[in-house]
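Single-structure report; data block below.
The values are calculated or read from the model by the stated rules, or taken from the named source; none is laboratory data. Everything numeric here is computed off the predicted structure, so don't read it as measured data. As a convention, Cβ positions derive from the backbone with ideal geometry for all residues, glycine included, and neighbour counts pool all protein chains shown.
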Amino acid sequence: MTQIDYTPFVERMINRYEGGYGWDAGDSGGPTKYGITCYDLAAHRHEKMTSMAAWAPIVRAMPLSEAEDIYAEKYAVECCFNQLGPGKDCTVFDFGVNSGSSRSIRYAQGVVGVHQDGVLGPVTLEAINAHDPRDFIVGLCNARLRFLKGLGIWSRFGRGWAARVADLRVYSVGLLPKLGVAYKPKPEKPTRKGSAKEHRIPKAFGKGYDKADLRELQAAHQ
């Protein structure tokens, strides 16, 4: 991995967008922890995801180290994180975590005008890296937001998703050389209840899957 971008971003993504364990009734990803779904965990362990209820306690018990392994071995590999330019890497990766890698890649392919097959091969990689960095980041964030607005659960998660995408756009553009100052999170402030977590964005964790995505996930575990 390109550690200068990857490690800080994954830590930030977990702390700022995903959070710890939860199972929101409206979240199509089911039980999640650190942004990793029950489907992700079952696949990583080479096991069948029998039901969300059965896997909820398993997901809850998943250590952070295993979530980090899944991000590195699945999502970062699928989006070729370490081969993408600064800012482009985080933009494609975060969309993939939120809505599936193939969807993120298809939309990225749409931004750069190549065949949209959902696979980040050499042609797509070259096209993305040749594209104007800021235009790519803004274009993919805008396309992602349009997709999310079309989902039936937008009313439940839309505010958090919109804030997540806007925050990601600023962060990713800030990684570009000579185009902005690198993002620096605001310092934490103590609260009456103890140390505050890093300015968590509420409801940013919901998975943005459409019906076809869900059918594909479920079919893989039948």
Exception for TRP55 within (1) touching a residue at least 40 places away in the same chain (Cβ under 8 Å); (2) over 19 Å from the mean Cα position of the chain (by Cα); (3) buried (at least 17 other Cβ atoms within 10 Å of the Cβ) falls at (1)
Verdict on ARG16 being of a type in the set (Lys, Arg), closer than 21 Å to TYR209 by Cα and out of contact with any strand residue (DSSP E or B) (no Cβ under 8 Å at 6 or more places or on another chain)
yes
Could you tell me which residue of the range 24-40 is farthest from ASP213 (Cα to Cα), considering only residues that are modelled with pLDDT of 95 or more and out of contact with any helix residue (DSSP H, G or I) (no Cβ under 6 Å at 6 or more places or on another chain)?
THR32
Condition (residue is among the polar types (S, T, N, Q) and surrounded by fewer than 24 Cβ atoms within 10 Å (Cβ to Cβ)) applied to the range 30-44: is it met by at least one residue?
no
Take the residues in the range 118-157 that are exposed (fewer than 15 other Cβ atoms within 10 Å of the Cβ) and polar (S, T, N, Q), then tell me which one is modelled with the lowest pLDDT.
SER155
Taking the range 32-62 as the region of interest, how many residues are within 27 Å of ALA162 (Cα to Cα), touching a Leu at 6+ places or on another chain (Cβ under 9 Å) and either of a type in the set (A, V, I, L, M) or in a loop (DSSP other than H, G, I, E, B) (or both)?
2
